[in-house]
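*Asks:* Dropping a structure here in structure tokens format, bear with me for questions.
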């Protein structure tokens, strides 16, 4: 007797869940009940039961979109009936569930789901436009539903909108309540107006600080509507967020006092590249960013060269063509200034300069060190001409065109200054100046020494007119145009 009872109970324990599960599965697939039906609650239980058996987020969100499609079909069927309000309420609930499901899917897998959501929104807008009861019985509800659906459609197809943006839209409440199988909305709702220019109300749930405290109430609560006002930065400031912006919480960098400057607490940051990868220029140092950059300012950057073995491991790209092939540290000892380089030439062991330095064209062919004794300044060169052994200057120096053909040393006695030249004209033996100097055009045809007695200054010339023997000035001087036709000496005494 006991065994029979035990078997019966066991059979019931096994059979009841199977029967119930089968019934739920059948209802979930067939969807025979609709809003307004007495067994619609069973339809909802069956739908949610099936959802609990779906674990992959993509498949789960896809089924939630299927449910939203069903509720939209129910709403379309209810057009012109008193069930429009109830069907709209259940569609809104299903839409919220689908949006939240898509927001939970990784962005790289949500593309097709967001496309479906955009198409669903477009079909729903068409159904909304054909409703005939709600425009009269609950116009505010229908207006809110239209606005919400438009926001969903735009966010679904905008790749810049994140899952958080979608979630924020679901907070919009249509204001429909369902009790005892009957849906109702607020009875003739009226907006409660704000006092003129009112601001800085006591918001224990959202404290008004900084610039928020200076806003008038209507800046956030449009048309006297309080409910579902955005309480996140992105809810109001999405339009000013630049492209490729940091994806974290705005409040992590920005305060309510001012939008700029923004400051981020890097103490919890694991790696600079997680945020600043796009700021890294080409051919940049591949090491850890914090080895050079501080969290206070991006530039200037400093690197501790202590313990580094070779400069070339980082600075290969900075080495110019034809550079010294030796170790960088031989010249670049100042690690704070790349250009402050110096070489200790005492380490060359007497090796000639040409081992490292190339001479320019037409350069002196002798040893570099004959002139370049200052190894700290290449241009500070000088030559000891006493070592020439009396050799003439032309052995090293070429004379310019039309130069005096005599010995260079006749004029260039100062070997430290090429231009400080002087000639002792007493050595000419009374020879006339024209033997070396050619007179300019239309020059006085007499002997040069008649005027040029100062041999140190060519332009210091003077003529003793007492030697003319009373000859008239016009014998040497041509008068200018329109000049007095009388004797020159009448005026020029």
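*Asks:* Which residue out of 416, 455 is touching a helix residue (DSSP H, G or I) at 6+ places or on another chain (Cβ under 8 Å) and either more than 30 Å from residue 386 (Cα to Cα) or at pLDDT below 85 (or both)?
*Replies:* Only one candidate passes the filter, namely 455.
*Asks:* When residue 86 is evaluated against the numbered criteria (1) assigned to a helix (DSSP H, G or I); (2) closer than 30 Å to residue 246 by Cα, which criterion, by number, is the only one it fails?
*Replies:* The failed condition is (2).
*Asks:* Going by the structure shown, is residue 290 at pLDDT 80 or above, closer than 22 Å to residue 337 by Cβ and either touching a helix residue (DSSP H, G or I) at 6+ places or on another chain (Cβ under 9 Å) or surrounded by 12 or more Cβ atoms within 10 Å (Cβ to Cβ) (or both)?
*Replies:* no
*Asks:* On to the next question. Given 257, 244, which one is exposed (fewer than 12 other Cβ atoms within 10 Å of the Cβ), closer than 28 Å to residue 167 by Cα, touching a helix residue (DSSP H, G or I) at 6+ places or on another chain (Cβ under 8 Å) and modelled with pLDDT under 80? Let's see the steps before the verdict.
*Replies:* Working: 257 fails: modelled with pLDDT under 80.
Answer to the selection: 244.
*Asks:* Criterion first (assigned to a loop (DSSP other than H, G, I, E, B) and either over 23 Å from residue 376 (Cβ atoms) or touching a strand residue (DSSP E or B) at 6+ places or on another chain (Cβ under 7 Å) (or both)) does residue 342 satisfy it?
*Replies:* The answer is no for residue 342.
*Asks:* From the list 466, 394, 474, 405, exactly one residue is under 30 Å from residue 364 (Cα atoms) and not in a loop (DSSP other than H, G, I, E, B). Which is it? Give the derivation first.
*Replies:* On the way: 466 fails: under 30 Å from residue 364 (Cα atoms); 474 fails: under 30 Å from residue 364 (Cα atoms); 405 fails: not in a loop (DSSP other than H, G, I, E, B).
After ruling out the rest, the residue left standing is 394.
*Asks:* Only one of (1) within 30 Å of residue 397 (Cα to Cα); (2) part of a loop (DSSP other than H, G, I, E, B); (3) in contact with a helix residue (DSSP H, G or I) (Cβ under 8 Å, 6 or more places away or on another chain) is not met by residue 492, so which one is it?
*Replies:* The single condition residue 492 does not satisfy is (1).
*Asks:* Here's something else I'd like to know. In the list 65, 75, which residue meets the criterion of being within 23 Å of residue 168 (Cα to Cα) and either in contact (Cβ under 8 Å) with a residue 24 or more places away in the chain or assigned to a helix (DSSP H, G or I) (or both)?
*Replies:* 65
*Asks:* Any residue at all in region 23-42 that is under 30 Å from residue 138 (Cα atoms), touching a helix residue (DSSP H, G or I) at 6+ places or on another chain (Cβ under 9 Å), crowded, with 17+ Cβ neighbours inside 10 Å and at pLDDT 80 or above?
*Replies:* There is no residue in region 23-42 that is under 30 Å from residue 138 (Cα atoms), touching a helix residue (DSSP H, G or I) at 6+ places or on another chain (Cβ under 9 Å), crowded, with 17+ Cβ neighbours inside 10 Å and at pLDDT 80 or above.
*Asks:* I'd like the full set of residues that are part of a helix (DSSP H, G or I) and exposed (fewer than 12 other Cβ atoms within 10 Å of the Cβ), limited to region 260-278.
*Replies:* Listed by number, the residues that qualify are 267, 268, 274, 277, 278.
*Asks:* Now, a different point. Step by step: first the residues of region 226-241, then only those that are surrounded by 11 or more Cβ atoms within 10 Å (Cβ to Cβ) and without any contact (Cβ under 8 Å) to a residue 40 or more places away in the chain, then the one that is nearest to residue 277 (Cα to Cα). Which residue is that? Steps first, please.
*Replies:* We begin by selecting, within region 226-241, every residue surrounded by 11 or more Cβ atoms within 10 Å (Cβ to Cβ); these are 226, 228-238, 241.
From the residues that got through so far, the ones that are without any contact (Cβ under 8 Å) to a residue 40 or more places away in the chain too are 226, 229, 231, 233, 236-237, 241.
Numbers: 226: 41, 229: 35, 231: 31, 233: 25, 236: 28, 237: 25, 241: 19 Å.
That would be 241.
To keep it simple, each residue is scored yes or no on (1) over 26 Å from residue 454 (Cα atoms); (2) in a loop (DSSP other than H, G, I, E, B).
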position	(1), (2)
351	yes, yes
369	yes, no
398	yes, yes
415	no, yes
418	no, yes
426	no, no
440	no, yes
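*Asks:* If you don't mind, there's one more thing I want to ask. Restricting the search to region 374-433, which residues are farther than 30 Å from residue 340 by Cα, surrounded by 11 or more Cβ atoms within 10 Å (Cβ to Cβ) and touching a residue at least 24 places away in the same chain (Cβ under 8 Å)?
*Replies:* 385, 396, 404, 415, 422, 423, 425, listed by residue number.
*Asks:* Just give me the residues in region 313-339 being surrounded by fewer than 13 Cβ atoms within 10 Å (Cβ to Cβ) and part of a helix (DSSP H, G or I), in sequence order.
*Replies:* 313, 316, 317, 318
The values are calculated or read from the model by the stated rules, or taken from the named source; none is laboratory data. Keep in mind that what you see is a predicted model, and the values were worked out from it rather than measured. Here Cβ is always computed from backbone atoms with ideal geometry, including for glycine, and neighbour counts include all displayed protein chains.
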